[in-house]
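S.K.: Take a look at the following structure, please.
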Amino acid sequence: MATEIWTVLKILAWTREFLAGKGVENARLESEWLLSAALGLDRVGLYVNFDRPLNDAELAAYRGMVVRRARREPLQHILGTQEFMGLEFEVTPAALIPRHDTETLVEEALKRGHGAGMILDIGVGSGCIAVTLAKKLPDARISGVEHSAAALELAERNAAKHHVGIDLLTGSLFEPFSNVLFDMIVSNPPYIPTANIGSLQPEVRDFEPREALDGGMDGLDFYRAIIPVAPDHLNPGGLLLFEVGIGQAESVLNLFKATGNFSELFTAKDPAGIERVVGGRITPQRAETRAEAQ
């Protein structure tokens, strides 16, 4: 019996239907990305080689990828990378996959934090925020804190990949920086309400670290922990910026207001029109009070 020949076009068509049947969105596009990786081609290379047959080794490699994706393992984990703000980042299950939603946080930090010399990223994860800020603000000193040793190692590799120096320390919130003042603090903290974790897509629920997702009963635990004490770690005029979940902007703004220590409060929308960033600047009065106490 003749061995079945699988050409690029034939296996893409089969994979598209197979993955769609497993609930994978954008099954056609993802099939192309997986096959591109297996064959070492870009997507244009696939299109001009539709009639090219795959050899046994290529078939085995590709099928292994497809099986993983059919189990709803994230595409980025299979490919090992994700693009963020035009930079390629290594991705592992140790940290959240960089998301384009978070680019809004970085864009606001760049727009509002011009001239910031000392910047802290709380919950550095893969390092996508800190590394991007370091690339865009070469004169700033960027620090990051992360409680997960595995995530911190990933951030270190991504910093090295992009040839930037970042002070990365293990710890919780401001713990490693108790005596350091910053011009800007940014954070994309866990903000999914605990009860909502189970309803997330399998790619998120089953493969990304829960500790990077779970924000407590209402999703606001980390904002409550950071906002009241952040003024003790900000220079006069310093900025505090967060990414927030859908529908959380008003609640986080109220946490800022409740301290009485922030002015110039703002929100910013992502490309989908969702209020994705909340921030504010420490008031001059709060900075003066702290200086007098010292």
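S.K.: Restricting attention to region 73-112, which residues are out of contact with any Pro (no Cβ under 9 Å at 6 or more places or on another chain), surrounded by fewer than 20 Cβ atoms within 10 Å (Cβ to Cβ), closer than 17 Å to Pro271 by Cβ and of a type outside the set (Gly, Ala, Ser)?
M.R.: Residues satisfying the conditions are Arg99, Glu107, Leu110, Lys111.
S.K.: Looking only at region 223-239, which residues are buried (at least 20 other Cβ atoms within 10 Å of the Cβ) and in contact with a Phe, Trp or Tyr (Cβ under 7 Å, 6 or more places away or on another chain)?
M.R.: The answer is Tyr223, Ile227, His233, Leu234, Gly238.
S.K.: Right, next: Step by step: first the residues of region 245-285, then only those that are among the β-branched types (Val, Ile, Thr), outside any strand (DSSP E or B) and touching a Pro at 6+ places or on another chain (Cβ under 9 Å), then the one that is surrounded by the fewest Cβ atoms within 10 Å (Cβ to Cβ). Which residue is that? Break it down stepwise before answering.
M.R.: Here is the first cut: in region 245-285, the residues among the β-branched types (Val, Ile, Thr) are 246, 252, 259, 267, 274, 277-278, 282-283.
Cutting the leftovers down to outside any strand (DSSP E or B) gives us 246, 252, 259, 274, 283.
Within this subset, residues satisfying the condition of being touching a Pro at 6+ places or on another chain (Cβ under 9 Å) are 259, 283.
Working: Thr259: 16, Thr283: 18.
Taking the candidates together, the pick is Thr259.
Each row is one residue, and each column tells you yes or no for (1) over 28 Å from Asp183 (Cβ atoms); (2) among the β-branched types (Val, Ile, Thr).
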{"position": "Ser199", "(1), (2)": "yes, no"}
{"position": "Glu208", "(1), (2)": "yes, no"}
{"position": "Ala212", "(1), (2)": "no, no"}
{"position": "Gly215", "(1), (2)": "no, no"}
{"position": "Ala225", "(1), (2)": "no, no"}
{"position": "Pro228", "(1), (2)": "no, no"}
{"position": "Asn235", "(1), (2)": "no, no"}
{"position": "Leu239", "(1), (2)": "no, no"}
{"position": "Ile246", "(1), (2)": "yes, yes"}
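S.K.: Continuing with the same structure: What are the pairs with Cβ atoms under 7 angstrom where one residue, in region 269-281, is farther than 11 Å from Ile246 by Cα and of a type in the set (A, V, I, L, M) and the other, located anywhere, is at pLDDT 95 or above and surrounded by fewer than 19 Cβ atoms within 10 Å (Cβ to Cβ)? Sequence gap at least six, or different chains.
M.R.: Every condition considered, the pairs that remain are Val278/Thr267.
S.K.: Follow-up question, since we're still on this one. Considering only region 86-122, how many residues are farther than 14 Å from Leu152 by Cβ, part of a strand (DSSP E or B) and touching a strand residue (DSSP E or B) at 6+ places or on another chain (Cβ under 7 Å)?
M.R.: 5
The values are calculated or read from the model by the stated rules, or taken from the named source; none is laboratory data. Because the structure is predicted, anything quoted here is derived from the model rather than measured. Positions of Cβ are generated from backbone atoms using ideal geometry, with glycine treated the same way; all protein chains shown enter the neighbour counts.
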